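Take a look at this one; I'll ask things after.
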Amino acid sequence: MQTRAAVLNAVNTPIEIETLELAPPRVGEVLVKVAAAGVCHSDWHVVSGATTHPLPVVLGHEGAGIVVETGPGVEHLRVGDHVALNWAPSCGQCFYCLRGSPSLCEAYLEPIWGGVMMDGTPRFSRNGQPVFHFSALGCFSEWVVVPAVCCVPLPPEVPLAIAALIGCAVTTGVGAVLNTAKTAPGSSVVVFGAGGVGLSAVLGARLAGASPIIVIDRAPAEAYGGSGLRSTHFLVAGPDTIDRIRTLTGGRGADYVFEAVGSTAVQELCLAAATRRNDCLCRVGADGEQHQPAWRHSDAPGEDGEGQLLWQFQPCPRLPFTCRSLSTRPTGFESALYEFVSARTD
Ligand SMILES: [Zn+2]
Ligand SMILES: [Zn+2]
């Protein structure tokens with residue numbers, strides 16, 4: 001079959017809408033009609049060359065859609081299922097999966113970053129030449145073939161635009177707060193960056209019962225719908241940002257700081273000034289392959305260097321957890337997600 005897709009042919013060139021061939025699903029794969037997809041900074045890293053990837057590639061790694069065909073051996077999905085697309089499939093059995101880090105799965109990591117399915121080939125092609133999938137997905141396409149393990153079935157009442165955000169931004173932000181940092185109720189939380197991941201971290205902080213929840217961004221809250229984004233304080237970044245954070249946190253800095261900008265400079269600023277001694281800086285954003293912070297675990301702000309520094313860029317996907325939260329906390333979490341989506345689509 002054919003599909004229209006957004007294709008990156010070369011680094012630092014415009015993405016082009018092209019018609020590609022799409023081969024049918026093979027063993028363990030499904031064909032999905034994509035209903036919604038989010039744009040994540042990780043897509044941009046491929047465009048800018050900050051992340052190297054085989055080209056040409058169909059970008060898009062947070063999406064949702066409806067299963068229209070299942071390949072042989074697919075058991076947990078049926079035609080018609082609504083699914084969120086998980087960019088980090090995992091086998092559940094390898095060294096990292098068994099240690100609670102499925103986003104580092106040894107079975108899937110290599111094919112994912114090679115832009116291919118598990119048999120080493122992509123399903124997209126153009127004039128007989130391969131076109132690669134980003135993050136096992138490539139959901140900037142009307143139709144996509146993906147590993148079935150990437151598909152997380154959702155209740156049909158979950159809007160697919162929200163389901164798409166669960167595929168990366170919500171899982172990463174909420175997961176960082178609840179799963180990686182295990183934020184305790186009553187903790188003070190600072191989130192740098194009010195993009196998709198940062199706003200999701202705010203949602204996670206609310207779910208965790210944190211207070212205050214302080215968001216810092218270069219744009220004012222009005223740029224995000226004027227709602228305050230469910231934080232308790234929204235600060236426009238400036239020279240007094242650290243002083244204001246310290247004023248709001250008893251002069252000590254926050255218990256938990258989430259850096260969701262993907263800026264090494266901001267991460268180092270957080271470490272130096274915004275995080276309370278002996279507590280937690282969670283580096284959620286990624287700055288591309290070339291930029292890594294100069295500090296090491298021993299530089300964490302705790303006394304005797306014992307502070308917690310969490311290195312995971314992308315906390316383990318907990319999509320089933322997030323989806324369960326969606327269905328069991330409809331008033332708080334889902335309404336916040338609605339607000340979040342509308343703020344980003346205005
Ligand atoms: Zn992403
Ligand atoms: Zn694994």
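Name the residue, out of Pro102, Pro153, that is over 14 Å from Leu55 (Cα atoms) and near ligand 2 (Cβ under 10 Å from one of its atoms).
Criteria check complete, one pass: Pro102.
Pull out all pairs, ordered by first then second residue, where Cβ-Cβ is under 9 Å, the residues are six or more apart or on different chains, the first lies in segment 105-120 and is surrounded by fewer than 16 Cβ atoms within 10 Å (Cβ to Cβ), and the second is among the charged types (D, E, K, R).
Once the first residue is surrounded by fewer than 16 Cβ atoms within 10 Å (Cβ to Cβ) and sits in segment 105-120, its partners that are among the charged types (D, E, K, R) give Asp119/Arg26.
Just checking, which of His53, His61, His82, His76 is in the same structural domain as Val149 (by TED's automatic domain parsing), exposed (fewer than 14 other Cβ atoms within 10 Å of the Cβ) and more than 13 Å from ligand 2 (Cβ to nearest atom)?
His76
Could you please let me know if Cys97 is crowded, with 16+ Cβ neighbours inside 10 Å, on the phi < 0 side of the Ramachandran plot and within 13 Å of ligand 2 (Cβ to nearest atom)?
yes
For Leu199, indicate whether it is surrounded by 24 or more Cβ atoms within 10 Å (Cβ to Cβ), closer than 20 Å to Trp44 by Cβ, more than 16 Å from ligand 2 (Cβ to nearest atom) and at pLDDT 85 or above.
no
State all residues of segment 87-104 that are over 16 Å from Gly28 (Cα atoms), without any contact (Cβ under 8 Å) to a residue 60 or more places away in the chain and of a type outside the set (Phe, Trp, Tyr); if no residue qualifies, say none.
Gln93, Cys94, Cys97, Leu98, Arg99, Leu104
Still on this structure, please answer the following. In segment 19-48, which residue that is without any contact (Cβ under 8 Å) to a residue 40 or more places away in the chain and not in a helix (DSSP H, G or I) is farthest from ligand 2 (Cβ to nearest atom)?
Selected residue: Thr19.
The values are calculated or read from the model by the stated rules, or taken from the named source; none is laboratory data. Here the structure is a predicted model, which means the values were calculated and not measured. Neighbour counts run over all protein chains shown; Cβ positions are idealised from the backbone, glycine included.
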